[in-house]
Amino acid sequence: MEKNIRLTLLYDQYSELLSEKKQRVFELYYHEDLSLAEISEPTKTTRQGVRDLLARTADELLRYEEALGLLEKSCIRQDSAAKIKEILQDNPSMLKKIEPLLNELI
């Protein structure tokens, strides 16, 4: 998985565990695609400070995933639900009954 996509998915899982400043800088950089210089002004941080903060945030997100594994578990659930749907394609009435439950899992 591409690094930026993985970090964004990890952020979706663990953002509430980050400080407000880390959340803001992460969102400005990854969601709004601002440069380090553009982020440094409103956050009153140097470009190097923004870069360091992004690196620490990425490390923190990776540590959370290593400890909790929420993203990995979510991916496993999605894959399993997709496989179940595929298996049930031959039985549309059963799929119709189970599909809402599978959608809740993912």
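The values are calculated or read from the model by the stated rules, or taken from the named source; none is laboratory data. On a predicted model such as this, the values are computed, not experimentally measured, just so you know. Ideal geometry is used to build each Cβ from the backbone, glycine not excepted, and the neighbour counts take in all protein chains shown.
Structure above, values below:
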item: From the options Lys96, Lys85, residue that is exposed (fewer than 11 other Cβ atoms within 10 Å of the Cβ) and of a type in the set (D, E, K, R); result: Lys96
item: Residue check for Leu70: surrounded by 15 or more Cβ atoms within 10 Å (Cβ to Cβ) and either closer than 24 Å to Asn103 by Cα or of a type in the set (A, V, I, L, M, F, W, C) (or both); result: yes
item: Qualifying residues in region 73-106 (those that are in a helix (DSSP H, G or I), polar (S, T, N, Q) and over 29 Å from the mean Cα position of the chain (by Cα)) - the one nearest to Leu9 (Cα to Cα); result: Gln89
item: Test for Leu28: is it at pLDDT 95 or above and either outside any helix (DSSP H, G or I) or more than 30 Å from Leu105 (Cβ to Cβ) (or both); result: yes
item: Single residue of Leu34, Leu18 found to be over 25 Å from Gly69 (Cβ atoms) and surrounded by 15 or more Cβ atoms within 10 Å (Cβ to Cβ); result: Leu34
item: Residue within region 34-50 that is among the β-branched types (Val, Ile, Thr) and either in contact with a strand residue (DSSP E or B) (Cβ under 7 Å, 6 or more places away or on another chain) or closer than 27 Å to Lys73 by Cβ (or both) present; result: no
item: Test: residue in region 65-72 that is over 14 Å from the mean Cα position of the chain (by Cα), touching a residue at least 12 places away in the same chain (Cβ under 8 Å) and more than 19 Å from Lys3 (Cβ to Cβ); result: no
